Amino acid sequence: MEKVSFSAQKRARLGKGGARTLRRGGFIPAVVYKGGDSLPVQIPGKELSRFIRKSGGEQVIITLDIAGDVRQAIIKDYQVEPVDGSLVHVDFQEISATELLRVPVHVVIRGEAIGVKRDKGILQHGLREVEVECLPDNIPGHIDVDVSSLLIGQNVHVRDLKLGEGIRMLSNPDEVLAAVVGVKEEVVAEVVAEVAEPEVVKKGKKEEEAK
């Protein structure tokens, strides 16, 4: 699993006013959670924003050096400004190498299904992420789902995923990750005809009245 390091400082000023001041100064306000405890910190905004954009939501173990106090963490959540997409706040979850974690992992669809490419079906996406339990070093950055062999009417469920050793799936095994459905052209044609028919009848009545 990929790892990255950031230098951080304990945050003295709290609240919305303090957060705005930090962001104007080039820092991002953040909180490190561990059990029921929390530690407000600030991290240089440019490198943290770049990392979050690059990681694309993948799980990465992060080393936080908080003025010499080194901790391991993962990103639990983050907020962005809805207008310009700039990073506003980050929540970290501190982790231990020997403690099992429950974490969400993104599902990435790979390949082009036969039922789409050859048979003109439509690929429908289900769950975008699943929850797993494992030790920090076993956390997958993401989970690939290959749909290239799917025909119309076939799908991939959570139970079909192949996980690495030491990783336990917590999501419902019956949940659908991807499915290929067909488009019945004859049904579409009938619907179009039914919609068009009243207009034709209406036009005919007008012509008869004109005569």
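See the values below:
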item	result
Calculated from backbone phi, Karplus (6.51, -1.76, 1.60) coupling profile of segment 109-115 in Hz, x at Gly/Pro	7, 10, x, 10, 4, 4, x
Antiparallel bridge percentage (DSSP; both residues within segment 3-95; nearest 5)	70
For the chain: rounded, prolate or oblate by the Cα gyration tensor [a/c cutoff 1.5]	oblate
For the chain, size of Cβ-based charge dipole, Lys and Arg +1, Asp and Glu -1, in debye	1120
Those trypsin sites (Lys or Arg not before Pro) in segment 13-101 that DSSP places in a loop and that have at most 16 other beta carbons within 10 Å	Arg13
For the chain, with +1 on Lys and Arg beta carbons and -1 on Asp and Glu, the positive-most of Ser148, Thr21, Phe51 along the dipole	Thr21
Between segment 54-100 and segment 101-158, the Cα center-to-center distance that results, in Å	25
Residue among Val176, Val103, Asn138 farthest towards the positive dipole end of segment 103-185, charges placed on Cβ	Val176
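Values quoted throughout were computed directly from the atomic coordinates according to the rules given, and no laboratory measurement underlies them. Everything quoted here is computed from the prediction, not taken from an experiment. Note: ideal-geometry Cβ built from the backbone for every residue, glycine included; neighbour counts use all protein chains shown.
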